[in-house]
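Below: one structure, written as structure tokens.
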């Protein structure tokens, strides 16, 4: 729903309020330069009447000297105005970007299922750049020209009231088109920014998945799709430009038409001796200033409407509600955190699939230091359970507790402080190895980072990278292999040293030798820690304390491998599909 301009202006002013001092300085400079510009016209009148017409060299010299002094003051005032207004534009833009990012980085993950990351990036970059241009330039131009228009009109009245009435006739004729076309420009500006965001989102997705794009020879199709996005954005922008062009044309035609009539009437008065040539010159100069000011304002109005559309998009981000928030009075773990994890009748459906429970009435108790493997076919709810433990979502019914405290009663940041996760597809951030491992604990020393890497058997390959730990990994870690990413992610979890571990088949991307080493590291890491392990390959569950079998969101069985082979048909079928008789025999022998 589109917000009113007054609402957007009121919300925007909140970002300007902290900089009252700078606004005052810029305003003084603005008024000062506008006043000097208006004053220059009086010197023009004196030069014409006293110098050219009267033939007085002394008067001409004095007027010229005053003109030069005023021009120098004008230059100084313009410097102050430009500097402080530009400063305000950059400062407010920085504050808006920080405020928006600070808000969205805390939003629940479900928000990003419905909102494209590319569009959010566009709002933080493109939209804020537009606002910077308006605050740092267009707004100043609008205010300056508004002062020129008001001041020029006053001087017009002082110089010749009769001629001024000719100019004033046009004011209602000018305001109407500005209001009418201005609203259309704002609406089209919003649409234009949305389409630009779609273009950015498509580019980002294609580049991030460039290997898949090229592997499927999809470049031609993507190129055609991108062209359609660009052409749509162009057409919307063209409509906006058309509206702006109509607005400027109508306003300029009316204003300069009135100016022509005024000059004709004034010329008749000079010919008839009613007014002097200097007065007519001054009047024409003021009229041109007023006309130019109105023309400039009509152009800037379009920019202000574009900024209103951009600010509206940013406000939508700032006002997006976070469904996962800390309670007003969060509880704390009073004693030493042990890591007891308990699920009671847990039922959850994703917002996009409200009628299909991802988890259905699940009850599970994981004792401190116990390791439990979650087994089941795709779509059984294993990864969903991880999301709920981390409180990325809240269940529709039932509860999830840590050490007897419902996680809804905890601050999410305190909850997640005790948990580390290693995903099947580990996330790497743009930066070097130090930064990616230290993501687990930003204040860790270099020695602690190295120790974590050694425990994850990552130190050996890291040292062989071109710059060792200083090596840049590229976007999403594109410069290292899948197995290397996984070991860096494991090192990150080791460095965090949490009480609860969530492992999503953490060794799936490793070769046999690396898997053996990392499995040893994980077993050491899991010791005396509460661990939930998603097991896609049943060969990795032989050392866990218990196996929980999930199917279509239901917990259908629990027990050891040997027990489940006898009592759970689904588990037995999964095992038989994955292992030959000898492999199954090896696992059985390895299990107690």
When the Kirkwood hydrodynamic radius is evaluated over all pairs of different C-alpha atoms of segment 256-307, what value in angstrom, to one decimal, is obtained? 12.3 Å
State, to one decimal in nm, how far the label point of residue 460 lies from the label point of residue 558, with both points 7 Å from Cα in the Cβ direction. 3.9 nm
Rg/Rh of segment 374-472 (Cα atoms, Kirkwood Rh), to two decimals, equals 1.07
State, to one decimal in nm, how far the label point of residue 363 lies from the label point of residue 394, with both points 7 Å from Cα in the Cβ direction. 2.4 nm
What does the convex hull of the Cα atoms of segment 442-514 come to per residue, in Å³, rounded to a whole number? 106 Å³
With a 10 Å radius around each residue's Cβ, average the other Cβ atoms per peptide and rank 23-34, 259-270, 65-76, highest first. 23-34, 259-270, 65-76
Roughly how many nanometres apart are two label points built 7 Å out from the Cα toward the Cβ at residue 162 and residue 543? 10.4 nm
At a Förster distance of 22 Å, what's the computed FRET efficiency of residue 86 paired with residue 7, Cβ-Cβ distance as r, to 0.05? 0.25
If R0 = 41 Å, then residue 65 and residue 316, at their Cβ-Cβ distance, give a FRET efficiency to the nearest 0.05 of 0.10
Estimated FRET transfer efficiency (residue 414, residue 524; beta-carbon r; R0 41 Å; 0.05): 0.95
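No value in this document is a laboratory result; all are computed from the given coordinates. These numbers come from a predicted model, not from an experiment. No Cβ is skipped: glycine too gets one built from the backbone with ideal geometry, and neighbour counts run over all protein chains shown.
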